[in-house]
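Data first, discussion second: the structure below is written as structure tokens.
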């Protein structure tokens, strides 16, 4: 089987990352590199006559309210990684071939999809969800596919003759050769790829460096091109910069929704859930603000995470405007189907775990507790508060005798006349932690018919410790 590669070129990755913000569409926006030259611009800027590689001064003269954003390679790298994560479900061999391009090995996937057009249809469907501009091309070598895609050939074909014919008319300035090497080739009349193909290797080797020979061999497919393939990440993490500062927590929910949608796609494709989200809010001139939100039962849906964040943001106070956001997941686990008893009848719309998650988001992480028991004979030490719905089965509890439902915060001196109905029950323990207890407990009834739990100390003092309901 002949080698066949597909190259995807994304010229506006950073600009496309702002696509869901209205200001990035309606207002003229340009992205500048370190030399103050325009490398990306939206349609509103093009309509004003602004062009690629124009200087900032010239562009600003055409429109006084031009929005300028510095080029950030971190954003482009992240966008490219997200696209690769998505495409990995369709194509197994993907390479980060350049900072703005992905190389896909497709000849080994044709047996699965049947033909190239079916495979390309699946790839386009995956790319549509990212709302990015791209050009593409197939090639018999990685460099051939890249060169055609960068030139905007936008054609996918397995025919090598057609690919080679499209390469012939491309000027050498669009290749990966250095300007020095291109100048040497132009000096001997070689200006296009077709002219470069026509020169034998032996003649080129006499006058040019090995880099030219290697590039030509890899472009023609005569030399093997080493490629490092991508492996998907185990955890989700995405960072976005805002085109404008946000000072209200409720307004933050709109850009966060974009992150939650990406998270939902990430988890849904892997059939996984996560119980914890870590949201970082980057404040202007201040340390980042970390917001953690949890779901007890695990979740992947964007709308459910958005509901939890809405509750959390009701009590969130911003001390400085937010300029960027980052969302990351905690540990993920494989989703298992919900199991429900057919005989339980109609259940509430919210499960116990979901209710705990909603209350935690609304009230905070440290205000919800569940009552629990401890293996201690002292009544005041026999119970404790645990995290919500936590079940601890490490040590079996002893079978305690009858106890009242209401235990006083601290024993008080018995001031009523009572009749002993049951007892005594001696509790003598706690000597090991310097809080020893020696008491004789009784169940008693007052003259009004109220049942008490009382005890007597070795000093013959009587105390009331609990009241039966």
From 57, 101, 49, residue being touching a residue at least 40 places away in the same chain (Cβ under 8 Å) and either under 27 Å from residue 146 (Cβ atoms) or exposed (fewer than 13 other Cβ atoms within 10 Å of the Cβ) (or both): 101
Residue within segment 266-288 that is under 33 Å from the mean Cα position of the chain (by Cα), within 21 Å of residue 19 (Cβ to Cβ) and surrounded by 17 or more Cβ atoms within 10 Å (Cβ to Cβ) present: yes
Any hit, segment 48-69, residues being closer than 22 Å to residue 154 by Cα and over 24 Å from the mean Cα position of the chain (by Cα): yes
Hey, residue 294 farther than 30 Å from residue 333 by Cα and surrounded by 15 or more Cβ atoms within 10 Å (Cβ to Cβ) or not: no
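How many residues are buried (at least 17 other Cβ atoms within 10 Å of the Cβ) and in contact with a strand residue (DSSP E or B) (Cβ under 9 Å, 6 or more places away or on another chain) if we restrict to segment 161-181? Spell out the reasoning first.
Our first condition is that a residue be buried (at least 17 other Cβ atoms within 10 Å of the Cβ); within segment 161-181, this holds for 163-164, 166-167, 170, 172, 175, 177, 181.
Those left that are additionally in contact with a strand residue (DSSP E or B) (Cβ under 9 Å, 6 or more places away or on another chain): 163, 166-167, 170, 172.
Residues flagged as buried (at least 17 other Cβ atoms within 10 Å of the Cβ) and in contact with a strand residue (DSSP E or B) (Cβ under 9 Å, 6 or more places away or on another chain) within segment 161-181 amount to 5.
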Within segment 152-214, helices (runs of 4 or more DSSP H) holding 3 or more residues that are out of contact with any helix residue (DSSP H, G or I) (no Cβ under 8 Å at 6 or more places or on another chain) and under 25 Å from residue 5 (Cβ atoms): 160-168
Residue check for residue 90: more than 22 Å from residue 150 (Cα to Cα) and in contact with a helix residue (DSSP H, G or I) (Cβ under 6 Å, 6 or more places away or on another chain): yes
Enumeration of residues in segment 185-234 that are at positive phi and surrounded by 10 or more Cβ atoms within 10 Å (Cβ to Cβ): 221
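No value in this document is a laboratory result; all are computed from the given coordinates. Note that the coordinates shown come from a computational prediction; the quantities given were computed from them, not determined experimentally. Backbone-built Cβ (ideal geometry, glycine too); neighbour counts: all protein chains shown.
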